[in-house]
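Asks: Got a structure for you, questions after.
The values are calculated or read from the model by the stated rules, or taken from the named source; none is laboratory data. Bear in mind that the values here come from a model prediction, so they are computed numbers and not experimental data. Here the Cβ is made from the backbone with ideal geometry for all residues, glycine too, and neighbour counts use every protein chain on show.
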Amino acid sequence: MGKRNNMCALALPSLTYAMRASELLKSNGIYSRVITLDPSVTKKGCTNGIETECKQIARAKAILIDRSIPIGEISGG
Amino acid sequence: MSKLIYFDNAATTFPKPETVFRGVRKCMEEYCGNPGRSGHFLSFAAAKAVYDCRIELAECFNLSEPENIVFTLNTTYALNMAIKGLLSENDHVIISNIEHNSVYRTVIATGCKYDIFNSYQTRDKIITEISQKIKPNTRVIICNHASNICPLRNPISSIGDLAKKKGIYFIVDAAQSAGIYPIDMKEANIDALCIPGHKGLYGIQGCGAVLFSSKFRGEKAKRIKCLTEGGNGVNSLESFMPPTLPERLETGTLPTPAIAGLLAGIKTVNSIGIDNIREHENMIYARLRENLRNFKGLKLYCPEFTKGNILLFNFNSMTSVQLADELDREGVCVRAGFHCSPLAHSLLKTGKSGALRISLGGFNSMEEADKFTDILKKCTQL
């Protein structure tokens, strides 16, 4: 889960949830990218998440929580 | 032998639309990585096709959570997953008397006590009977939407309404109805909808699904016991399955080409319209029904049904297997015997010798209905 310029990552329970989250954010005008999270820094091993601009992260998180998408750690920024 | 007549669509639809061939081929040729495993572009492309199929299925059956769709090998596997996942020791179950062995055997294997309601009566009487059979420990009502041997259907909206009022889970086996009759999971209060990919949705064999309702959203999916354990690319360092769907229940590599085919199949069915497909099948059914009712020496079961896509019959001194064999020689594909439905055959009093089933699909024609009747005359005059 690394920092890329001004990008932040949100951990999600699975690739399916990452895709769902990315679609939901897209429909709300937020660009994001599905990524594989570094398993060495997650406590549970392999998983996926999304990467979006750090300035959008609070809004993105609110949208996902509103749609009952379980969110894990946030990193970067 | 002239052109074949395929009347075994309840077993699997044949042929498949060209769009399905193309969908499977494109997957195999262009992007068939392992979905949800590696982080490379082919793996992501495969995962995207799987996800797109979840979205399509969610829209098709009015489910808000595409992540609650779990891909399986087939409907039987989906039913095992839902039934064994939701039942515990000492639970009580209610099923119908037209269930396939995919439900009947699975319920028996759980060791739970069960009661059976009669589907061959009016909707009001069905609801009254189920109400009378509900006990304090009734956990699940399970029934098919449509029988696999005759035109009988269960009133799933009314049964789902009752299940909701009583706080009981409702599992529906849509093996014979998905893609033919509209199914609205929310309207019918269905908690687990089990579907095949290779029947009315015209995908290829090797893929089915169970769609879980919003009751199992997020970590509420822990209410479902896992039927299998193993790897799925998620939380690999943990020694137990993840708490959320679909990965909680999806273990091992998914059949991506079959899922890609199912995606193409659903889109094709939607573009034609399931009402149009059903009306087409109703029309051929009506012609066959008329032909068979007037066929000397033939007993047609459930003859009062004017609509449907399945006809069941026996002919005088021939067993259903003998007749199916003769029809096979003439290029006609039908199915004889018990069709894995001992309960329904018992209901129709064909439980000792079985019967012969014709099951229609979207590619059948009126011409085939008449041609079949001519061939049947030939086969029964031997």
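Asks: Within the set of pairs 6 or more residues apart or between chains, which connect a residue that is at the interface with chain A (Cβ under 9 Å from one of its Cβ atoms) inside segment B:64-77 to a residue that is of a type in the set (S, T, N, Q) and surrounded by 22 or more Cβ atoms within 10 Å (Cβ to Cβ) with Cβ atoms less than 6 Å apart?
Replies: B:GLU67/A:THR16
Rundown of residues vs (1) farther than 22 Å from B:PRO242 by Cβ; (2) within 13 Å of another protein chain (Cβ to nearest Cβ), yes/no style:
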| position | (1), (2) |
| --- | --- |
| A:SER27 | yes, yes |
| A:VAL34 | no, yes |
| A:LYS43 | no, yes |
| A:THR52 | yes, no |
| A:GLN56 | yes, no |
| A:ARG59 | yes, no |
| A:ILE63 | yes, no |
| A:PRO70 | no, yes |
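Asks: When you scan segment B:110-157, how many residues do you find that are of a type in the set (A, V, I, L, M, F, W, C), more than 21 Å from the chain's Cα centre (by Cα) and part of a strand (DSSP E or B)?
Replies: Pass one, segment B:110-157, residues of a type in the set (A, V, I, L, M, F, W, C): B:112, B:116-117, B:126-127, B:130, B:134, B:140-143, B:146, B:149-150, B:152, B:156.
Checking the rest, the ones that are also more than 21 Å from the chain's Cα centre (by Cα) come to B:112, B:126-127, B:130, B:134.
From what's left, part of a strand (DSSP E or B): none.
Residues in segment B:110-157 being of a type in the set (A, V, I, L, M, F, W, C), more than 21 Å from the chain's Cα centre (by Cα) and part of a strand (DSSP E or B): 0 in total.
Asks: Can I ask one more? Name the one entry in B:LEU245, B:LEU201, B:LEU211 that is within 26 Å of B:SER157 (Cβ to Cβ) and outside any loop (DSSP other than H, G, I, E, B).
Replies: Working: B:LEU245 fails: outside any loop (DSSP other than H, G, I, E, B); B:LEU201 fails: outside any loop (DSSP other than H, G, I, E, B).
None of the others qualify; the one that does is B:LEU211.
Asks: Which of the residues spanning segment B:235-263 are facing chain A (nearest Cβ under 10 Å), out of contact with any strand residue (DSSP E or B) (no Cβ under 7 Å at 6 or more places or on another chain) and not charged (D, E, K, R)? Lay out the reasoning, then the answer.
Replies: Our first condition is that a residue be facing chain A (nearest Cβ under 10 Å); within segment B:235-263, this holds for B:235-238, B:242-248, B:250.
Then drop every residue that is not out of contact with any strand residue (DSSP E or B) (no Cβ under 7 Å at 6 or more places or on another chain), which leaves B:236-238, B:242-244, B:247-248.
Passing the criteria: B:SER236, B:LEU237, B:PRO242, B:PRO243, B:THR244.
Asks: Right, next: Output the number of residues of segment B:348-361 satisfying the condition of being surrounded by fewer than 23 Cβ atoms within 10 Å (Cβ to Cβ) and modelled with pLDDT of 95 or more. Step through it out loud before you land on a result.
Replies: So in segment B:348-361, the residues surrounded by fewer than 23 Cβ atoms within 10 Å (Cβ to Cβ) come out as B:348-349, B:351-354.
In the following step, the residues that additionally are modelled with pLDDT of 95 or more were identified as B:348-349, B:354.
Count: 3.
Asks: State whether the residues of segment B:223-234 include one that is outside any strand (DSSP E or B), more than 14 Å from every other protein chain (Cβ to nearest Cβ), under 13 Å from the mean Cα position of the chain (by Cα) and not basic (Lys, Arg).
Replies: Checked against the condition, which is being outside any strand (DSSP E or B), more than 14 Å from every other protein chain (Cβ to nearest Cβ), under 13 Å from the mean Cα position of the chain (by Cα) and not basic (Lys, Arg), segment B:223-234 yields no hits at all.
Asks: Is it true that A:ILE63 is assigned to a loop (DSSP other than H, G, I, E, B), under 26 Å from B:LEU63 (Cβ atoms) and not aromatic (Phe, Trp, Tyr)? Give the derivation first.
Replies: Details: assigned to a loop (DSSP other than H, G, I, E, B): no; under 26 Å from B:LEU63 (Cβ atoms): yes; not aromatic (Phe, Trp, Tyr): yes.
No: the conditions fail for A:ILE63.
Asks: If B:GLU89 meets every condition in (1) in a helix (DSSP H, G or I); (2) touching a Gly at 6+ places or on another chain (Cβ under 9 Å); (3) more than 21 Å from B:GLY197 (Cα to Cα) apart from one, which number is that one?
Replies: Failed condition: (1).
Asks: Considering only strands (runs of 3 or more DSSP E) fully contained in segment B:266-382, which possess at least 2 residues that are touching a Phe, Trp or Tyr at 6+ places or on another chain (Cβ under 9 Å)? Walk me through how you get there before you give the answer.
Replies: Numbers: elements: B:298-301, B:310-315, B:335-337, B:355-359.
Qualifying strands (runs of 3 or more DSSP E): B:298-301, B:310-315, B:355-359.
Asks: Considering only residues that are surrounded by fewer than 20 Cβ atoms within 10 Å (Cβ to Cβ) and aromatic (Phe, Trp, Tyr), which ones fall in segment A:16-40?
Replies: The answer is A:TYR31, and nothing else.
Asks: So how many residues does segment A:41-53 have that are surrounded by fewer than 18 Cβ atoms within 10 Å (Cβ to Cβ) and more than 16 Å from B:GLY233 (Cβ to Cβ)?
Replies: Here is the first cut: in segment A:41-53, the residues surrounded by fewer than 18 Cβ atoms within 10 Å (Cβ to Cβ) are A:41, A:43-45, A:53.
Now drop any that are not more than 16 Å from B:GLY233 (Cβ to Cβ), which leaves A:41, A:43, A:53.
Of the residues in segment A:41-53, 3 are surrounded by fewer than 18 Cβ atoms within 10 Å (Cβ to Cβ) and more than 16 Å from B:GLY233 (Cβ to Cβ).
Asks: Could you tell me which numbered condition B:ARG293 fails, if it satisfies all but one of (1) more than 21 Å from B:ALA178 (Cα to Cα); (2) in contact (Cβ under 8 Å) with a residue 12 or more places away in the chain; (3) in the same structural domain as B:LEU376 (by TED's automatic domain parsing); (4) of a type in the set (Lys, Arg)?
Replies: Every listed condition holds for B:ARG293 apart from (2).
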